[in-house]
1. Quick test for you: out of 117, 78, 68, 99, pick the one residue that is within 20 Å of residue 6 (Cβ to Cβ), out of contact with any Pro (no Cβ under 6 Å at 6 or more places or on another chain) and either surrounded by 13 or more Cβ atoms within 10 Å (Cβ to Cβ) or in contact (Cβ under 8 Å) with a residue 12 or more places away in the chain (or both).
2. Consider segment 33-79. How many of its residues are part of a loop (DSSP other than H, G, I, E, B) and touching a helix residue (DSSP H, G or I) at 6+ places or on another chain (Cβ under 9 Å)?
3. Among 41, 14, 85, 24, which is the only one that is touching an Asp or Glu at 6+ places or on another chain (Cβ under 9 Å), under 19 Å from residue 133 (Cβ atoms) and surrounded by 13 or more Cβ atoms within 10 Å (Cβ to Cβ)?
4. Being closer than 11 Å to residue 16 by Cα, surrounded by 15 or more Cβ atoms within 10 Å (Cβ to Cβ) and in contact (Cβ under 8 Å) with a residue 12 or more places away in the chain narrows it down to one of 57, 93, so name that one.
Amino acid sequence: MNINKEEMLIKSVTDILDGIDQLTNKYDLTVSERQSLIERTIPESVAQEINDINEEFEAGLQDLREKISALEAEGKSIVAKLGKTIKGERWSFVWRRPITRWDSKKLEQLSKHVEEINEARKPGNPSVSMVKNKGKM
């Protein structure tokens, strides 16, 4: 991969991580604000108000969840193509090399014919996960 193109993709992924960080912060603040409003209206007689508050916030929270999910999917896709972990300020996309799995039953059958053992090999795909960096709040 061309160095300039890779650097551009890395910049794109760090921008995605920063966007996810901003959206998750907004999400957490919105949930906290909603909970504060609910706690102020705890009496039984206000149960309907609590439901109304939840409904009022749910559309905005759902929108934030969808935006976070879309950015996460985009970042994972890019990192999977790059084949390396990318760290942002508070979040990272962690790339893991593919895992090779073996079919034990097939290996038992092929153990008599050593040259055929590779038929049992089932190569996996690389994976990418997003993790919060330690000590970053």
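Rule-based calculations on the coordinates, nothing more; no lab input. Fair warning: this is a prediction, and the values are worked out from it, not measured in the lab. In this analysis, Cβ positions are derived from the backbone assuming ideal geometry, glycine residues included, and neighbour counts consider all displayed protein chains.
1. 78 is the lone residue from the list that is within 20 Å of residue 6 (Cβ to Cβ), out of contact with any Pro (no Cβ under 6 Å at 6 or more places or on another chain) and either surrounded by 13 or more Cβ atoms within 10 Å (Cβ to Cβ) or in contact (Cβ under 8 Å) with a residue 12 or more places away in the chain (or both).
2. Total meeting the criteria: 2.
3. Going through 41, 14, 85, 24 in turn, just one is touching an Asp or Glu at 6+ places or on another chain (Cβ under 9 Å), under 19 Å from residue 133 (Cβ atoms) and surrounded by 13 or more Cβ atoms within 10 Å (Cβ to Cβ): 14.
4. Only one candidate qualifies: 93.
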